[in-house]
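Okay, structure first, notes after.
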Amino acid sequence: MDASSNALLLQLAIATPLLVALAIGLGLPKRFATKLAAVAFIWPALIAVWLWKEFPADAGNTYQFLSKTDTGLGGFGIALKLGLNGVSLPMFLLAAIVGLAAGIYALRSNAERLKIYLMLLLVMQGGLLGTFASVDIFFFYFFHELALIPTFIMVGIWGGRDRNYAAMKMTIYLTVGAMLSLAGLIAIYTKSGAESFDLVTLRAELAANPLSVTAQKYIFGLLMFGFGTLVSLWPLHTWAPLGYGAAPSSAAMLHAGVLKKFGLYGLIQIALPLLPAGAQAWAWPLAVLAAVGNVLVIGFITIAQRDLKQMLGYSSVMHMGYCFLGIATLSVIGTGGVVLLMIAHGLSVALLFLLATSVHHRTHTFDLTEMGGLAQKTPVLAAFFVAGTLASIGLPGFANFWGELTVFVSLWQFSPALTAVAVAGVIISAVYGLRAAARVFFGPATESLNTVLAKHPATDLAWTERLPALILLAALLVVGFWPKTISTAANAALTAPTPAVVRSVSSR
């Protein structure tokens, strides 16, 4: 296909879930709603794979599949400009794959008010795809908020234990984080003197006329703590384990797997190239918070968890520490490793949240102390869960290994001491991950579990559970055995010229 056809496909990938969500909201009958929802989850995944295949190997940081739509806000420098570069393409693909898996699982979930549930999930999916395809940073932020709003609603209505408190806490933390991020983005636009929110224009303007070091420090700090709250940077993380523990499975898969990467993506695509002096000033504080807080403190808290879903929530917070450490190195190897790790973590955590719910359906509990011996009755579920756990702790052959390895290599050049802390985190991950797998699936079943299974005999994974799990596991293995599928395009984009840190610093 030519460039204009691929650009149209990119627009359709984003528009389809949103239009189907609108149709469901306007009263589409349930029998049509579920069929159209299935199409709306499958179609973006097919387009994402096609665009990945069509993406030029030598594109570098140049955006491909570009389109621009007038929104009537041209006077404010705002236009709906869509495109993909070597960093946004993998994230777009991640959103499409996890969205497909979450959608398949949701379609057969028998959730109450299924139409509304699917409508909100489709809004999340469309917002996520729009977030990573937006070249205009206003719409980058707008699509994120569009995807975030359904999360609060889904936790509050379909969530589990403490769902009202969890939804409120998520709303407060994520709203504050979003407001800080918005303030930082507006500050970049106003201080740059550019006439557009277009990221390409901003990069060119600030490459020629960088902001003053003082301005960069303040703005980068706003973005670091704003985006950091959205990603669960310690100590601004407490919303995440509670929220994921209460969230329905599909919402947890999309939020923890994809939406949570918004802040990391913003730091890589916007903060690092536009505010290099600010990044240098905040590199050590960011690294210390990530290593000591996310990796060590949260790692030990994760070991102490006895609730399977809470353990996965804390584990997700812990692994975000590796991503922040890679960003703090301010190197192409480090940030390229973060891109790989974002993809790997997104796939593996979505897989584990899906399987944790499958375990709950069979045991009627998330309490690890009340489980055991489930592998004898559900060997396929056990195999998927063990594979997901091994991926999460970075076993070679899975995508997570390459992400963590490249982060550790770049971190050694930054600080050998922090590298030792990060490597200790791998041991911590192995302890809580393998222990959880052992308690759920191996050893003798507890008396309370035998009582439950006597009334509700456990069956192995149905195909409606196997298929989304297989999609996620296959993607982990593809990237694990062929990391160049992600790293080549990402590293080429990250080697693009960035504004000088010292040379020609202006007084703005």
Give, to the nearest whole percent, the P(r) tail of the range 339-396 beyond 17 angstrom, counting all Cα pairs.
41 percent
Fewest-first sequence of 20, 288 by Cβ atoms within 10 Å of each Cβ
288, 20
Below 14 angstrom from the Cβ of residue 152, what's the summed charge of the other residues (Lys, Arg +1; Asp, Glu -1)?
+1
Value of [θ]222 nm, deg cm²/dmol, for the chain, DSSP H segments ≥ 4, -39500 (n - 2.57) each, nearest 500:
-23500 deg cm²/dmol
The size of the Cβ-based charge dipole (Lys, Arg +1; Asp, Glu -1) of the chain about the Cα centre, to the nearest 20 debye, is 620 debye
By per-residue mean of other Cβ atoms within 10 Å, what is the highest-first order of 125-134, 141-150?
125-134, 141-150
Going from the alpha-carbon gyration tensor of the range 48-170, what semi-axes, largest first and in whole Å, does one get by taking the root of 5 times each eigenvalue?
31, 19, 12
The summed charge of the residue 86 Cβ neighbourhood (under 13 Å; Lys/Arg +1, Asp/Glu -1) stands at 0
Ranked highest first by the average count of other Cβ atoms within 10 Å around their residues, in what order do 57-65, 398-406, 172-180 fall?
398-406, 172-180, 57-65
Can you tell me how the range 1-81 classifies by the Cα gyration tensor, rounded, prolate or oblate, using a/c under 1.5 as the rounded cut?
oblate
Among 121, 133, 29, pick out the residue whose Cα is farthest towards the positive end of the charge dipole of the range 1-151, where Lys and Arg carry +1 and Asp and Glu carry -1 on C-beta, about the Cα centre.
29
Taking Cα atoms only, helix 213-231 is inclined relative to the longest principal axis of the chain by an angle, in degrees rounded to 10, of 20 degrees
Give me P(r) over the range 85-141, computed from all C-alpha to C-alpha distances, binned every 10 Å, as integer percentages.
23, 44, 24, 9, 0
Going fewest to most other Cβ atoms within 10 Å around each Cβ, 213, 386 line up as 213, 386
Note the angle between two axes, namely the Cα long axis of helix 163-192 and the longest principal axis of the Cα atoms of the chain, as a number of degrees from 0 to 90, rounded to the nearest 10.
10 degrees
Which order do the peptides 467-473, 269-275, 157-163 come out in when sorted by mean C-beta neighbours inside 10 angstrom, highest first?
269-275, 467-473, 157-163
With viscosity set to 0.692 mPa s and temperature to 37 °C, compute the Stokes-Einstein D of the range 158-266, Rh being the Kirkwood radius across alpha carbon pairs; µm²/s, no decimals.
216 µm²/s
Contour excess over end-to-end distance, with Cα ends at residue 383 and residue 26 and 0.36 nm allotted per residue
124.3 nm
On C-alpha positions alone, give me the angle between the axis of helix 416-441 and the longest principal axis of the chain, in degrees, nearest 10.
30 degrees
Whole angstrom only: what separates the Cα centroid of the range 429-471 from the Cα centroid of the range 25-96?
36 Å
Across every pair of different alpha-carbon atoms, what Kirkwood hydrodynamic radius in Å does the range 318-359 reach?
11.0 Å
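Values in this text are rule-based calculations from the coordinates and carry no lab data. Quantities reported herein were computed from a predicted structural model and do not represent experimental measurements. Cβ coordinates were reconstructed from backbone atoms using ideal geometry, including for glycine residues, and neighbour counts include every protein chain displayed.
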